Amino acid sequence: MKPYAVITGASSGLGKSIALELAHRNINLVLIALPYSGLPELSDFIRTNIQVDVHYLELDLSDTKSTYQISDYVNNKKLHIKYLVNNAGVLSKGFFTDLSDRFILSQIAVNITTPTLLTKLLLDNLKASAPASILNISSMASFFALPKKQVYGATKAYLTSLSHSLNKELKRDNISVTAICPGGLNTTSWLCYQNRCMGWLIRKTILNPEDASRIAVNAMFKKEKLVVPGVVNRCLMFVDKILPDFIKDYLTNRELKKLNVSKT
Amino acid sequence: MKVLLTGATGYIGHELALALASKGIIVHALVRDIESERVPKHKNIVLFKGDICNHESIEKAIDNCDYVFHTAAYTNLKDSRIDSFYNTNVLGTENILNASLKFDVKKVIYTSTLSVFGPSYKDVFISENQPRIVSYANDYELTKGMSEERVNEYRKKGLSSIILNVSKVYGPGPGTYSNGVNRLISMFLKKDVLIVPNKLESESNYVFIKDVVNAHILAMESDISNGKYIIGGENISYNRLFNTIKTLTKSKIRVVKINYDLVKVCVFILNLLKVVSRSNPVVTPKVIDSLFVNRLSTSEKAKKELHYKTTSFGVGLKETIQYLNKVS
């Protein structure tokens, strides 16, 4: 029987690309995304043109109940989950002072609570389908101190850390855990535009989702622990280790000033 | 009845303005340069000097208009900066939408492009429901995609709108950057040798200008208040395109095929030289890529819901060649 992959945040950006990538590798899909985000159309397109089985659930993952709904759905339908891709995430929105408490809580719910709980709830299913894999979409922001990305970066640092520990712990169950930490991605059109307005070096770090998803899925299959996609990004990680703080501060501030007024 | 039309000096806008005017509709044409030779001339076309990037000029032109046709766009793919694309296509569209809402316009007909869907997936025809599979290939696609999102946002505010995703347009009318087929025909008429990349099996959709104009009018007249339609014609490979043009023009042109990647390398080097000599590039490797991907599409939805009809490629091409022979 063909195994299934559960992908959160699958209607657009990296999640959509990962869904297509896995479908092309003949893996059935359970796609999760917000209502009115084009999920039925995407599911229909994949089902018709790539010939894999696609289930979809339109849920708001900032609500903990949604996570239970996913595991109930999968269990009721007796789907064998071999891959879990925790991709859904809420991006940063601005300075800490300006963020509403509601926004912060939902960001933490989507970026931390959901992947943690979903991994927990689907663990028995993954164990039964072992060898199985978990792919956590983290971010390079988990390594850097970035104004305007405080909570976001911290949630991603959590996810990277969780992945590392689980990778050790779940080895005996034959489940691999991969954290992928991309830099900027051309996902929403607004982000594409902002990325386009960045300086030359930063633009070289930006990846298209269709490229990042291939790297991510390959890393998951190779059971790698941590992947930073893109050569320039890996160089930046290295440079970050050797540069003194004051130079890094200068550089990040300079780039942040290039960001136009952030859209609400 | 009165309508506002932007982009009257562009290919589609020019032809649409004349078609609307000949139906007895008063067309308020918002143009940057009223002296331009591309300005359509008709007693029912009233010119308003202005710019979609300027609120006041839009408000003067839109007053008392029942419908708005927004065909203006910045399409110059050779421009390596995004600013003009963003200002005209995104901010300009937002200005038009904003004014349309404020002045209680019944419906906005927004001219977009098939390329917002990206290339076809394998040989599956692009339809309105196709999700975009790969990232935006250039600033034109990106900003047209963004402007469609703005149109959708204004729908939620209560502004009715129809988006028309037009494929490659050809046919009689003023030569502009967007009218590639006409330029190709002119080459077949005038030149002895045509050098092309050897990727002639790639297929695109071609639509006759008169069908595009009709689609705009149908979208206005239709009871449907909100929608998105692909406006295309036939799916044709470059091979078939070249052969058809060659036969119809009785051209003796020799089509020389050169390795696709080699062409791109040559163009790249040529552009480097142009940077040194500070002149604008004629074509860029990115433009070539966007010309040689498969863009097959279907307009079934428009045919069903708007009663859109298409002219066959042979008939449309004959008319175009006659026109080009006359003007040259």
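The values are calculated or read from the model by the stated rules, or taken from the named source; none is laboratory data. What you see is a predicted model, and the numbers here were worked out from it, not measured in a lab. Heads up, the Cβs are rebuilt from the backbone with ideal geometry, glycines too, and the neighbour counts pull from every protein chain shown. SASA here: full protein model, heavy atoms, side chains in, ligands and nucleic acids out. Shrake-Rupley method; radii C 1.70, N 1.55, O 1.52, S 1.80 Å.
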(message) Spelling out what I want: for every residue of region A:190-200, take phi, set θ = phi - 60°, compute 6.51 cos²θ - 1.76 cosθ + 1.60 (Karplus), and round to whole Hz; glycine and proline get x.
(response) 5, 5, 4, 5, 4, 4, 5, 8, 6, x, 4
(request) List the residues of region A:177-209 that lose 20 Å² or more of accessible area once all protein chains are present, compared with their chain alone (1.4 Å probe, heavy atoms only, no ligands or nucleic acids). (result) A:189, A:190, A:192, A:193, A:196
(message) Leaving out ligands and nucleic acids, and using a 1.4 Å probe, what accessible area per residue does region A:46-198 come to in Å²?
(response) 45
(message) Please list, in order along region A:213-225, the HN-Hα scalar couplings obtained from phi with the Karplus expression 6.51 cos²θ - 1.76 cosθ + 1.60 (θ = phi - 60°), rounded to whole Hz, x for Gly and Pro.
(response) 5, 5, 4, 5, 5, 4, 5, 5, 5, 7, 6, 6, 7
(message) If amide hydrogens are placed 1.01 Å from N in the peptide plane, which non-local residues have theirs closer than 5 Å to the one on residue B:166?
(response) B:112, B:113, B:114, B:231
(request) Select from A:222, A:16, A:82 the residue whose mean-square fluctuation is largest in a Gaussian network model of chain A (Cα-Cα springs shorter than 10 Å). (result) A:222
(request) Mind checking which lysines have their Cα closer than 21 Å to the Cα of residue A:168? Skip sequence neighbours fewer than 8 apart in that chain. (result) A:82, A:120, A:127, A:156, A:222, A:223, A:225
(message) Which of B:284, B:143, B:113 ends up with the largest GNM mean-square fluctuation for chain B, with Cα atoms connected below 10 Å?
(response) B:284
(request) Report the convex hull volume per residue for region B:16-85, counting only C-alpha atoms, in Å³. (result) 105
(request) Note down the relative contact order for chain A as a percent, whole number, built from C-alpha pairs under 8 angstrom at least six residues apart. (result) 17
(request) Roll a 1.4 angstrom probe over the protein heavy atoms and tell me the percent of accessible area of the protein assembly as shown that is carbon or sulfur. (result) 55
(message) Averaged over its residues, how many other protein chain Cβ atoms are within 10 Å of peptide B:128-141's Cβ atoms?
(response) 5
(message) As an exercise, identify the GluC sites (Glu not before Pro) in region A:1-103 lying in DSSP coil whose Cβ has no more than 14 other Cβ atoms within 10 Å.
(response) none
(request) Output ³J(HN,Hα) for region A:57-66: one whole-Hz value per residue in order, computed from phi by the Karplus curve 6.51 cos²θ - 1.76 cosθ + 1.60 with θ = phi - 60°, and x for Gly and Pro. (result) 10, 9, 9, 9, 7, 7, 9, 4, 4, 4
(request) Between A:29, A:201, A:42, find the one with the highest GNM mean-square fluctuation for chain A; connect C-alpha pairs within less than 10 Å. (result) A:201
(request) Calculate, for residue A:41 and residue A:68, the FRET efficiency according to 1/(1 + (r/R0)^6) with r their C-beta to C-beta distance and R0 41 Å; round to the nearest 0.05. (result) 0.95
(message) Let me check against my output: what whole-number percent is the relative contact order of region A:1-146, with C-alpha pairs under 8 Å and at least 6 apart?
(response) 25
(request) Highest first, please rank the peptides A:188-194, A:142-148 by the mean number of other Cβ atoms sitting within 10 Å of their residues. (result) A:188-194, A:142-148
(request) Over all directions, average the projected area of the Cα convex hull of region B:186-273 and note it in nm². (result) 8.7
(request) Estimate for me the total accessible surface buried between chains B and A (protein heavy atoms, probe 1.4 Å, no ligands or nucleic acids), in Å² to the nearest 100. (result) 1600
(message) Rounded to the nearest angstrom and ordered from largest down, what semi-axes does the equivalent ellipsoid of chain B get from its C-alpha gyration tensor (root of 5λ)?
(response) 32, 22, 21
(message) Within 10 Å of each candidate Cβ there may be at most 10 other Cβ atoms; applying that plus a DSSP loop requirement, which GluC sites (Glu not before Pro) in region B:7-39 survive?
(response) B:35, B:37
(message) Over all directions, the average projected area of the alpha-carbon convex hull for the protein assembly as shown comes to how many nm²?
(response) 29.8
(message) Longer than 30 Å from Cα to Cα, which of A:78/A:171; B:107/B:326; B:122/B:303; A:248/B:78; B:168/B:304 are they? Say none if no pair is.
(response) B:107/B:326; A:248/B:78
(request) Enumerate by residue number the GluC sites (Glu not before Pro) in region B:185-259 meeting two conditions: DSSP loop (anything except H, G, I, E, B), and at most 13 other Cβ atoms within 10 Å of the site's Cβ. (result) B:201
(message) Please report the projected area of chain A's Cα convex hull averaged over all directions, in nm².
(response) 13.8
(message) For a quick check: with amide H placed at 1.01 Å from N, whose amide H comes under 5 Å from residue B:109's, ignoring anything fewer than 5 positions away on the same chain?
(response) B:68, B:69, B:70, B:162
(message) Within region B:176-214, list the residues whose amide N lies under 14 Å from a label point set 7 Å along Cα→Cβ of residue B:252.
(response) B:189-193
